[in-house]
1. Sort through 63, 81 and tell me the only one that's under 26 Å from the mean Cα position of the chain (by Cα), over 30 Å from residue 2 (Cα atoms) and surrounded by 10 or more Cβ atoms within 10 Å (Cβ to Cβ).
2. Picking from 57, 64, which residue would you name as being modelled with pLDDT under 90, closer than 30 Å to residue 98 by Cα, in a loop (DSSP other than H, G, I, E, B) and of a type in the set (D, E, K, R)?
3. For segment 67-85, which residues satisfy the criterion of being in a loop (DSSP other than H, G, I, E, B) and either touching a residue at least 12 places away in the same chain (Cβ under 8 Å) or small (Gly, Ala, Ser) (or both)?
4. Only one of (1) surrounded by 10 or more Cβ atoms within 10 Å (Cβ to Cβ); (2) within 34 Å of the chain's Cα centre (by Cα) is not met by residue 52, so which one is it?
5. Which of the residues that make up segment 34-46 are loosely packed, with under 10 Cβ neighbours inside 10 Å and either touching a helix residue (DSSP H, G or I) at 6+ places or on another chain (Cβ under 9 Å) or assigned to a helix (DSSP H, G or I) (or both)?
Amino acid sequence: MTDFNNLSETEIQALIENAGKALKERQSSKRKEVIAQIKDLAASIGVTVDIHDGDKKAERKAGKVAARYRNPADATQTWTGRGLAPKWMQELLAAGRDKSEFEIK
């Protein structure tokens, strides 16, 4: 075992990074072995198995949302209708106005 007290911070950081890489490689190798075993067992009973990689994250296609409401007092202030309503909208609603009055058409 390594005596960490005799290592510099840089050496310890490098050791941590190398250990992390080694761990990921070992886990990946083990995963491949287990998948191969599963496919062999499935093939032995005449079944095919399709295993999806759970490590990959689905890409999120987030785009800008068009504004649905406009402040009648200041045309530069808009709101998409998502999330918390801006103060100008809250004030208009509190004054008894209807949200549909401010829709952008």
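1. None of the other options fit; the residue is 81.
2. None of the others qualify; the one that does is 64.
3. Answer for segment 67-85, where residues must be in a loop (DSSP other than H, G, I, E, B) and either touching a residue at least 12 places away in the same chain (Cβ under 8 Å) or small (Gly, Ala, Ser) (or both): 67, 68, 71, 72, 73, 74, 75, 80, 81, 82, 83, 85.
4. All conditions pass for residue 52, except number (1).
5. Result: 44, single match.
The values are calculated or read from the model by the stated rules, or taken from the named source; none is laboratory data. Since this is a predicted model, take the numbers as computed values, not measurements. All Cβ positions, glycine included, derive from the backbone under ideal geometry; neighbour counts span all protein chains shown.
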